[in-house]
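Following: one structure in structure tokens, then a few remarks.
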Amino acid sequence: MDRRAAIAEISGMLPDGQLDQLLDYARYLRSRSEGTAWQAFGQLHLAKAYGDDEPEYSDADLREDSSS
């Protein structure tokens, strides 16, 4: 029996409350993997936007905001 069939068989035996928990957990796993994909996407494009020729800034480069 493959994993999907095993999950379907087990989920068919669960009471509604536990089935809701299983569904919540499945949604959590899906969102976690989507979040990881977005994070990798962001890191890739950040690395492309900023290269080795970026200036180095220090605390001396900071100035106090006079607008407040």
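Which number in (1) surrounded by 10 or more Cβ atoms within 10 Å (Cβ to Cβ); (2) modelled with pLDDT of 80 or more marks the one condition that ARG3 misses?
The one condition ARG3 does not meet is (1).
For the condition modelled with pLDDT of 80 or more and either surrounded by 10 or more Cβ atoms within 10 Å (Cβ to Cβ) or in contact with a His (Cβ under 7 Å, 6 or more places away or on another chain) (or both), what is the one hit in SER58, SER31?
The unique qualifying residue is SER31.
Taking the stated definitions as given, is GLY42 in a helix (DSSP H, G or I), of a type outside the set (Asp, Glu) and surrounded by fewer than 10 Cβ atoms within 10 Å (Cβ to Cβ)?
Spelling it out, it is not the case that GLY42 is in a helix (DSSP H, G or I), of a type outside the set (Asp, Glu) and surrounded by fewer than 10 Cβ atoms within 10 Å (Cβ to Cβ).
Which ones in segment 45-54 are at pLDDT 80 or above and either surrounded by 10 or more Cβ atoms within 10 Å (Cβ to Cβ) or of a type outside the set (A, V, I, L, M, F, W, C) (or both)?
If the condition is that a residue be at pLDDT 80 or above and either surrounded by 10 or more Cβ atoms within 10 Å (Cβ to Cβ) or of a type outside the set (A, V, I, L, M, F, W, C) (or both), then HIS45 is the only one that fits.
Would you please list the contacts, defined by Cβ atoms under 7 Å and residues six or more apart or on different chains, that run from a residue in segment 21-41 that is free of Cβ contacts under 8 Å to residues at least 12 places away in the same chain to a residue that is in a helix (DSSP H, G or I) and small (Gly, Ala, Ser)?
Hits for this filter: LEU22/SER11.
The values are calculated or read from the model by the stated rules, or taken from the named source; none is laboratory data. Computed from a predicted structure; not experimentally measured. For neighbour counting, all protein chains shown are included, and Cβ atoms are generated from backbone atoms with ideal geometry for every residue, glycine included.
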